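The values are calculated or read from the model by the stated rules, or taken from the named source; none is laboratory data. Remember, it's a predicted structure, so these values are computed and weren't measured experimentally. When we count neighbours, we look across all protein chains shown, and the Cβ atoms used for this are built from the backbone with ideal geometry, even at glycine. Accessible surface areas use protein heavy atoms only, side chains included; no ligands, DNA or RNA. Shrake-Rupley method; radii C 1.70, N 1.55, O 1.52, S 1.80 Å.
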Amino acid sequence: SINRTESVLDLGCGCGPVGISVYKKLNVKNLYASDFSKEAVSVTKENFNLHKVNGIVKQGSLLDPWEGHKFDIIIDDISGISTTVASLTSWFDGVPCESGEDGAKLTIEVLRNSKKYLKPGGLLFFPIISFSNVKKIDEEAKKLFTKVNLLSNNTWPFPDELMKHTKILANLKEKDLITYEDKFGIRLAFTKIMVAQND
């Protein structure tokens, strides 16, 4: 259970839906949001006004805009999928996906830097998506934080646009850069939501 919600950061906020829903559900005092995309930031600002959100929106890379700030909660919503997989889909049209071939680059950067932006006992929520090097991210999180827990694990079928690229995906899987499984004739991926607690 979360009882400290004075300051929440929505990192990689897009147009702000995750942060805004957390703000309303947890009765957050101050919501902070940032994204690399200037367009996303301007839409988030409009949405903050629309939903009467008390907070600040900034543009910038990862945690850079928040130097000197400390948060109760950081929600990491930056891209965490292999750039190769991203290039085969329409998911990132017009949005940068610079997470590396194994999809772990940005998530690991956030894990490594987030401790200095979290208050003692502060929580970092982050996704691990099977279109990334799951093991690498998991090991890094456990190396950096003493408390890392799984909140949810959702399995979902491959989108049609990816089913056309079985050879490329099989090659990535063979190198442990992504993971998926075939069950009952359906190809499945997953999204795990993890929470790490700052000491």
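The table for this structure:
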{"read-out": "Full-stretch length increase - F184, E161 - with 0.36 nm per residue and alpha-carbon distance subtracted", "value": "6.3 nm"}
{"read-out": "Stretchable slack from R112 to K135, in nm (0.36 nm times residue separation minus alpha-carbon distance)", "value": "6.7 nm"}
{"read-out": "Cβ crowding within 10 Å averaged over residues, with 71-80, 140-149 ranked highest first", "value": "71-80, 140-149"}
{"read-out": "Label-point separation in nm, I193 to I168, each point 7 Å along Cα→Cβ", "value": "3.0 nm"}
{"read-out": "Kirkwood-based Rg to Rh ratio, the range 25-139, C-alpha trace", "value": "0.98"}
{"read-out": "Share of carbon and sulfur in the accessible heavy-atom surface of the chain [1.4 Å probe, %]", "value": "52 percent"}
{"read-out": "Karplus 3J(HN,Hα) series, Hz, for the range 192-199 with 6.51 cos²θ - 1.76 cosθ + 1.60 (x for Gly, Pro)", "value": "9, 9, 10, 10, 10, 10, 6, 5"}
{"read-out": "The chain: calculated mean residue ellipticity at 222 nm from DSSP helix runs of at least 4, using -39500 (n - 2.57)", "value": "-8500 deg cm²/dmol"}
{"read-out": "Centre separation in Å (Cα based) which lies between the range 143-162 and the range 15-58", "value": "24 Å"}
